1. Give the separation of the Cα centroids, region A:50-72 to region B:186-208, in Å.
2. What spacing in nm lies between the two simple spin-label points modelled at A:E318 and A:A258, each 7 Å away from Cα in the Cβ direction?
3. Which of rounded, prolate, oblate describes the protein assembly as shown, given a ≥ b ≥ c as roots of the alpha-carbon gyration tensor eigenvalues and a/c under 1.5 marking rounded, otherwise prolate only if a/b is larger than b/c?
4. Evaluate the distance, in nm, between pseudo-label points positioned 7 Å from the Cα of A:A47 and of B:H137 along their respective Cα→Cβ axes.
5. Per DSSP helix of 4 or more residues, -39500 (n - 2.57); summed, then divided by the residues of chain A. What does that give at 222 nm, rounded to the nearest 500?
6. Per residue of region A:637-651, in order, report the coupling 6.51 cos²θ - 1.76 cosθ + 1.60 (Karplus, θ = phi - 60°) as ³J(HN,Hα) in whole Hz, putting x for Gly and Pro.
7. Name the residues whose placed amide hydrogens come within less than 5 Å of the amide hydrogen of A:A580, ignoring near sequence neighbours (fewer than 5 apart) on the same chain.
8. By the scheme Lys and Arg +1, Asp and Glu -1, what is the net charge of all other residues having a beta-carbon under 10 Å from that of A:A170?
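The values are calculated or read from the model by the stated rules, or taken from the named source; none is laboratory data. Computed from a predicted structure; not experimentally measured. Cβ atoms come from the backbone with ideal geometry, glycine included; neighbour counts cover every protein chain shown. Heavy atoms of the whole protein, side chains included, go into the accessibility calculation; ligands, DNA and RNA do not. Shrake-Rupley method; radii C 1.70, N 1.55, O 1.52, S 1.80 Å.
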Amino acid sequence: MSLDKMKRREFLKVLGWGGVGTTLAGCDMPTTVTVQEGEEEVVAYLAPEEYVIPGIGVWYATTCAQCGSGCGVHGRVREGRVLKLEGNPDSQVNRGKLCQAGQASLQAHYNPDRITAPRVRRNGQLETIGWDQALALLEEKVGPSSGLAGERFAWVTDTVSGHQAVLLKAWMEAVGSRHHYVHEAVNDAVWRAVCRDMLGDENPRLRIDKARVILSFGADFLSTWGSTVQNSARYAEFRTAPRGVLVQAEPKMTVTGANADLWVPVRPGAEGVLALAIANRLAAEHGRDLSKLPADVQQQVRAYDIDKAARITGVSAEHIARIAALLNERAPSLVLAGTPAEGHARGYDNVAAAMLLNIVLGNVGKTLESGAGFPFPQLAAKTGGNRELLDFAAALESKSFDVVFFKGANPVYTAPEALKLKEKLAGVPFKVAFTQFEDETAQQADLVLPLRSMLEDWGTHVPTAQPEQMLISLQQPLMEPLYPETRGFGDALLALLKLRKAPQYAAYDDYYAYLRNAFAALPATLKQGAISDQQFWTRAVQKGVIEVGAGSGSLTARVAAFTVAEPADQGRPYTLVPSAGANLHDGRYANLPWLQELPDPISKVVWDSWAEMHPITAAKIGAKTGDRVRIESDHGAIEAKVYIYKGMHPDAIAVPLGQGHEAYGRYAQGRGVNPLKILGLATETKTGELAHHATRVQVTRIADKVGDKLVKLGGSEAQLGRKLVATVTADVYARTEGEA
Amino acid sequence: MSGIRQLFSGRWSFPGVRIPVGERAGLSSTAGFLALVVALFACAPLAAQAGSTVPNAVPPEGTYSGKDVPQPIEFPHDIHAKINGINCMYCHTYARRSKVAGIPPTSKCMGCHSVIATDKPRIKQLTEYWEKREPPHWLKVHDLPDFVHFTHEKHIKRFVFDNPELPVEQVSEVCAFCHGDIKDMTVAKKQKPLTMGFCRSCHEANNGPFDCWKCHK
């Protein structure tokens, strides 16, 4: 009976019965049965540890392995199950904070789509087998009896560090292969190359906290670029009094851009010109001395006065002048350049022009510090970019490998369609995937080996960006493995090594034993205060990190040769911005429902892809919010719903990364589109990185919104008089709050 | 706390009457009086039960006839708690420390039964489990839905440790509020409804917290 059809009399009847029920309930007539007795099992401990109390959680330290940042984690364990993660305050990487991907790693652990036993391809299908069979197969295919030369083996991984990296390297040396491709689709590879060439250190420490003004060319350092939790803590210090000023120049507003005091939309690829124009203004208006720069660089700076640069970059001369004035008056400053600046044919030169500003403004050594001096280089994080993906594909083209191992990376998903990676992989006789999930790459594998989750495994991690006090972060299992037929990555590597170097590794029953031995072998200077190796180990496990001292080293400021190019908009009318977000990153978190459910901070869209464009662009295309558009490059087309937002350059169309999975479990599969698929294969000239922000596209509206809505939180971008953000005019402020 | 003791020191508290009906806005005094009469009348048969052997406490009201739950070992609560007078919290040691009372770990059983009554068939069964290094899979008798937060610790604190007039040896009287006469049972059987009304009547009578989020959080 629906409410509007309910008559008054019936309404009173229902009300009357309700009243009787209330009276009875007041005298405790059991009206409902609560929970059935004798249905559920309750199993006590056999002999618990003294400190274990059912119902009360115990927090253990471990390390987050969701990305390479190596944040320390505390996990609450109750009744043998890990229930909640928080940042470990003892880790100077994240100082007690944890990002959404770290929080959601619980869902990678308890995910219903985890692979629970090894699978082997027979007659085209993946069939479940036991580990003994899997190991026998490995021995046959990759052991010494395979008769394969070392160069016929390759590994494709995401960022690896710690003792896992040591074991992997040991295996590579044991077989005699050099082909370890570290592939990260979202990376800072070009920035690193510029830092290496101009500062003498490819991974300088970004002292965001020390800067008084930051100019960022699309470096989304709060959300996707670098060690974001570490950056955020430094950013909080940067914003405390005296409050630092943040200027962000980029084609699509990122989370960092949304936090900026001044956000300027810059024409895609014109970041280098903008940086040169700022240098020009610094010299012309503020008397900065550029005479020590190489002649060709001086010439380039002279070539772009602010008016000319305004025409090229789309940033007004007034804004350029204002940014230059800010940089001049507030020292020290920090200039960063991220993905949108890097991803062009002349991306290196864009980033180099930004780095030039750091040199001109004297930031090197102040807000850019040397990150060198980590005493255990063999443990240091080994990271990479897209060049490794292109190199790998080229090697496949020439049939270089007989066996390829995959771990962490999902190149079949992250490779552009034009690379034809899937087809090329078919030519590799034996492919092994170490993974927790059946992703696109695992689907192509001949042997799929199920890994333990990060909450079930041992390991050590060295952060990609070390804090001032450098550290090694220890990962320990927080609970028994959910599935007995899974193995830790370290254990799997040991098993592989035992096939080749049995005498050397026979002493280690498992990876735990190996780690204990490795910790015992650490230099005595690290163990000060511990009376034994056992105590040192126990302390390390309790604390979760071992501090190894401050780094040493200094940066050089040397302007490398570079030539900034103006963007040449050829072919199709718009530039595609494949934008990364903190929720799904490069797509690796798409199978975690919490992160799918978490609205994108800018568009508020959940569980879907969208095409983000400026109102002017939308008007040109004739599309309204929610309309479907077809985005077509030379290499394919994708369709997505339109989201109109002013935080875009009118020449750019942004499609977020992370969706469009063809596999990867029930939460990821068949949802949205993957913009990486339609990227062209143009590369960055100096580094060979993929020019991922240089693909030109045509956008056409294909349908109205009918029934198929863009699902997003927040119905309206307008405040509708609700005073969500209170504002006051300058003269009123001066009258009421200002100084007399 | 002293206020609560003054209010409920006698055995003559009627939980049904404690609703301050006259204070409800919009109710005429006649209606209030009528409601009072109805409440008194309806609760009269239960009033005898309201008395308790626990000082400074009014037990919750209601009964429930639970089914027999076959357990892997027929554990005799009566032999332990009644005949031998073992305190409930000796085995359910977590009750005063945690939200759950906890099933005692097998090691606890074996603490005594490696020497006591080792010839009895149930103890032989227990020893078998112990030697297999496997705890028995008991079946849950008392349970609450997941959206209810109940903590043993706070209840034991209120009725036992913050209640100096109740010797801790008599804690079983407090346990019986919600678990019934376990002392007289072998394996436990549900004797109390454990419904929201059941909880509410006790919270009302003993001036317990009354915010929704105290239990539904």
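1. 36
2. That separation, rounded to one decimal, is 2.7 nm.
3. It is prolate, given that a/c is not under 1.5 and a/b is the larger ratio.
4. 2.4
5. -8500 deg cm²/dmol
6. 3J(HN,Hα) across region A:637-651, in whole Hz: 9, 10, 10, 8, 8, 7, 10, 9, 8, 6, x, 9, 7, x, 8.
7. A:L657
8. Result for the neighbourhood of A:A170: +2.
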